[in-house]
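Heads up, the thing below is written out as C-alpha cells.
FYI, it's all coordinate maths here, none of it is from the lab. A quick note: this is a predicted structure, and the numbers were derived from the prediction, not measured. Note that each Cβ is placed from the backbone with ideal geometry, even for glycine, and that neighbours are counted across all protein chains shown.
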Amino acid sequence: MFQYRQIYKKIKKYDTIVIARHVGPDPDALGSSFGLKESILATFPKKKVYAVGAGTARFRYLGFVDKLPENTEDALLIVLDTPDKKRVDGLEDKKFAYQIKIDHHPHVETFCDIEWIDDTASSASQLVMELIFHTRLKMNEKAASKLFVGLVADTERFLYAYTTPKTFELVAKMIKKTNLDFTKLYPQLYSRPLREIRFQGYLMSNLTITENGFGYVKMDDDVLEEYHVDAATAGNMINNFNYIEEMVAWGFFSHDKGNNNIRGSIRSRGPVVNETAASFGGGGHAFASGVKLPDFDRVDELIDALDAVCKEYKEEEKDRK
C-alpha cells in the first residue's frame, strides 16, 4: 500500500521524530504513540524519538511522555489518533519539516503532508501494527505490549463492530512474533481504586433515562471532589454502561475545572451520535463520540438533540420490524 512505503521512507529519512496525539489521551492514543516510538527505536537506535503531550497518572504504566525538543524545524511530526489540528496535544505551535497523520476517526480536517485515514480500523494502535508489519519497522515485545493495550481498550476487548478479521489477524501475528504474554496486561488496564468503584455506584444511582432511551449523568465539581476523581474518570467509565436494556445511547457530562468547561463522553448501541456531537463542536466515531461545552445549559441542549436522535432511531427500528 502506498501509505506504508511513503510513511516508512519519511521515518527512515529524519533523525528527529516527534509523535503526538490528542488531548485527554485514552489508552489507544498513548499505546499507539509509545508503541510506534518503541518500534522506531528498535529499528533505528540512533534516532531521537519523542512521544509528547500531557501525561496522565491513570495510564502511566504505558510509558512516560517526553519533553518537546526546542528545535523541531528539521524534525518529522507524526500525529496519531487525532482528526483535527486543534485537538493535537503538546506541540506549542512548533514548525516541522514534514508532517504525517495516522488516524481511524472519520475525516475532519487535512493538516498534514501525508494523511492515512482508515475509519474502518478498530484503533490507531491497529494502524500502527499494520504499518510495522508492512514495512521494515521492527515489532518487539515492548512495542507489542503497548499496542495490544491500546487496541483492546478501544475495542472494549474486541466487542465493537469495527473489530474485523484484520484486527484478529494482526493481533495473532503480533503475539506469535513477540511471544507476548497478553494476560499480564489486563490487570493494569482494568484494575480500579476503590474510590472509582464507589464513583461508578454514584453514576448508576444518578443515571437518568429518557422515554426515548437516552441515558445521562451530569456532574459538577462537588461530586468529583467528593469521590476524589477528575472529569476524565467518568469518560473512562462510560463503556461500563453498555448493557442497560432501557438505553440505546448514553452520555456522561462532567465539569472540567482545569479547563473551565464541560467534558462529555457519548456512546451508542445503534443511533449515530457523532453527527450530533459534531454540531455541538465535538465529534468522533458513529457510536462513540466526545464533546467539550461551555456550560450545562449547552449540555441540556445536546441532551435534547441526542434524545431526538434516539427517538428517530427507535421509530425506524419499529418500522423495520
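Worth pointing out:
- q = 0.18 Å⁻¹, the range 2-189: log10 I(q)/I(0) [Debye, one scatterer per Cα]: -1.22
- Using a simple spin-label model with pseudo-atoms 7 Å out from Cα toward Cβ, Glu73 and Glu275 lie 4.6 nm apart.
- Farthest towards the positive end of the charge dipole of the chain, among the residues Val79, Ser254, Ser289, is the Cα of Val79, using unit charges on the Cβ of Lys, Arg, Asp and Glu.
- Mean-position separation - Cα centroids, the range 1-60 and the range 272-321, in angstrom: 33 Å
- Here the range 194-320 is treated as a Stokes sphere of Kirkwood radius computed over C-alpha pairs; at 4 °C and 1.567 mPa s its diffusion coefficient rounds to 89 µm²/s.
- Distance from the range 120-171 to the range 101-115 (C-alpha centre basis), Å: 18 Å
- For the chain, the Cα gyration tensor yields ellipsoid semi-axes of 34, 21, 20 Å (square root of five times each eigenvalue, largest first, whole Å).
- Candidate membrane-span-like segments in the chain, meaning DSSP H helices with Cα atoms spread over at least 27 Å of their own axis and a Kyte-Doolittle mean of 1.0 or above, do not occur, with no membrane implied either way.
- Pairs from the table (Lys10/Lys173; Lys184/Lys218; Lys47/Lys142; Lys47/Lys166; Lys13/Lys101; Lys37/Lys166) lying more than 28 angstrom apart at Cα are Lys184/Lys218; Lys47/Lys166.
- In a DSSP loop and with at most 14 other Cβ atoms within 10 Å, the GluC sites (Glu not before Pro) in the range 231-301 are Glu245, Glu246.
- Between Asp221 and Lys48, residue separation times 0.36 nm minus the direct Cα-Cα distance comes to 58.2 nm.
- Tail weight of P(r) past 18 Å, computed on alpha-carbon pairs of the range 23-112, percent: 44 percent
- Here the spin labels are modelled as points 7 Å beyond Cα on the Cα-Cβ line, and at Lys95 and Phe168 they lie 5.0 nm apart.
- Residue (of Gly235, Thr276, Ser191) at the positive-pole extreme of the range 165-278, dipole from beta-carbon charges: Ser191
- Only helices enter the 222 nm calculation for the chain: every DSSP H run of n ≥ 4 contributes -39,500 (n - 2.57), and dividing by all residues gives -12500 deg cm²/dmol, rounded to 500.
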